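Asker: Before I ask anything, here is the structure I am working with.
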Amino acid sequence: MKITKLRLVTGLLIVIASLFMVGVLFDVETLSDFSRALILPFLVYLYFTVSEVKSKFFALFLIFCAFAECVKVIMYLDAYALSKVSNIAYILGYISLLLYISKSINFQRLFSKFKVPIIVLTVFNGYLIFVLNQMILADSTIAIYTFEFLIECSYNICILLVLSFSLINYLYHDTKKGLILFLASACIVFSEMVQVAYIFVSSEYILRVAYSVLLIVGFYLLYVYIVSKINTFYKVLF
């Protein structure tokens, strides 16, 4: 059987994801960090080589997030600056994803059709932002109205907007493609929320595992979203 480019990269992604989970389960931080950093660059490669329809905003989302992941493992840089650069790259990536989703939505029609869900989502997001910020402020090293707090707060707002916009995008278009993007966003966003609890509230092993599982499922759904246009197995979904 001929090994295609997609099969080869898919196999490598399975190996890397497995190494990441092994590192998490057995608390081998170096293994989990380095293997995780390789996942998104491979997804970027897949997007540019096998995806039939390309968007500059979705490409920027993948590139910024891949850069943020790679920055985390450059150990010779100052740790404080490192985390800020990574978070800013993630924020830019999530903004790019929001622009990608927004391009396909007629907002005038959206507000007339989904007024109540939008109000509910706005209130829900406001509450979650408050809760996440309280978790962050539980860390005595972070003070309100500082640059570090601003970055963390902006990051939280972006991930919640991504979740809300992906849900609205699915309701608006009602397609399997929109559902996959929403589920991918939901897994990644909830993994980030669990990570906030793990970092700032409690370093429980189960939180680290839950965060990692959600992240891997989110990455897998991104993979499905990227390859679905050229993989005959997924064409039946659309």
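Laboratory data are not the source of any read-out in this text; all were calculated from the coordinates shown. Nothing here was measured: the structure is a model prediction, and the numbers come from that model. Heads up, the Cβs are rebuilt from the backbone with ideal geometry, glycines too, and the neighbour counts pull from every protein chain shown.
Asker: If contacts are Cα pairs under 8 angstrom and at least 6 residues apart, what is the relative contact order of the chain in percent?
Answerer: Result for the chain is 19 percent.
Asker: Same structure, new question: In the structure displayed, which of Lys113/Lys177; Lys5/Lys103; Lys56/Lys176; Lys72/Lys103; Lys115/Lys177 lie more than 25 Å apart, Cα to Cα? All intermediate terms of the calculation are to be shown ahead of the outcome.
Answerer: Working: Lys113/Lys177 21 Å; Lys5/Lys103 31 Å; Lys56/Lys176 22 Å; Lys72/Lys103 31 Å; Lys115/Lys177 23 Å.
Violating the 25 Å limit, Cα to Cα: Lys5/Lys103; Lys72/Lys103.
Asker: Moving on to the next point. Can you show me the helix-derived [θ] at 222 nm for the chain, built from DSSP H runs with n ≥ 4 at -39,500 (n - 2.57) apiece and divided by the number of residues, rounded to the nearest 500.
Answerer: When only DSSP H runs of four or more count, the value is -28000 deg cm²/dmol.
Asker: Using the alpha carbon gyration tensor of region 97-191, what are the three equivalent-ellipsoid semi-axes (square root of 5 times each eigenvalue), largest first, in whole Å?
Answerer: Working from the Cα gyration tensor, I get semi-axes of 28, 14, 11 Å.
Asker: Points 7 angstrom from Cα along the Cβ direction at Ser154 and Ser104: gap in nanometres?
Answerer: If labels sit at Ser154 and Ser104, their model points lie 2.8 nm apart.
Asker: Over what distance in Å are the Cα centres of region 171-194 and region 22-37 separated?
Answerer: 25 Å
Asker: So for the pair Val116, Val15, with labels modelled 7 Å out along Cα→Cβ, what separation do we get in nm?
Answerer: 5.3 nm
Asker: Still on this structure, I have one more. Tell me the chymotrypsin sites (Phe, Trp or Tyr not before Pro) within region 129-172 that lie in a loop according to DSSP and have at most 15 other beta-carbon atoms within 10 Å.
Answerer: Tyr145
Asker: Starting from the Kirkwood Rh over alpha-carbon pairs, what translational D in µm² s⁻¹ does the chain have by Stokes-Einstein at 4 °C and 1.567 mPa s?
Answerer: Rounded to a whole number, D works out at 69 µm²/s.
Asker: Note down the nm distance, to one decimal, between modelled labels 7 Å out along Cα→Cβ at Thr49 and at Tyr205.
Answerer: Each label point is offset 7 Å from its Cα along the Cβ direction, giving 3.8 nm.
Asker: When the chain is fully extended, how far beyond the present Cα-Cα distance does Leu25 get from Leu8, taking 0.36 nm per residue of separation?
Answerer: Numbers: separation 17, 0.36 × 17 = 6.12 nm, distance 2.59 nm.
Difference between extended and current length: 3.5 nm.
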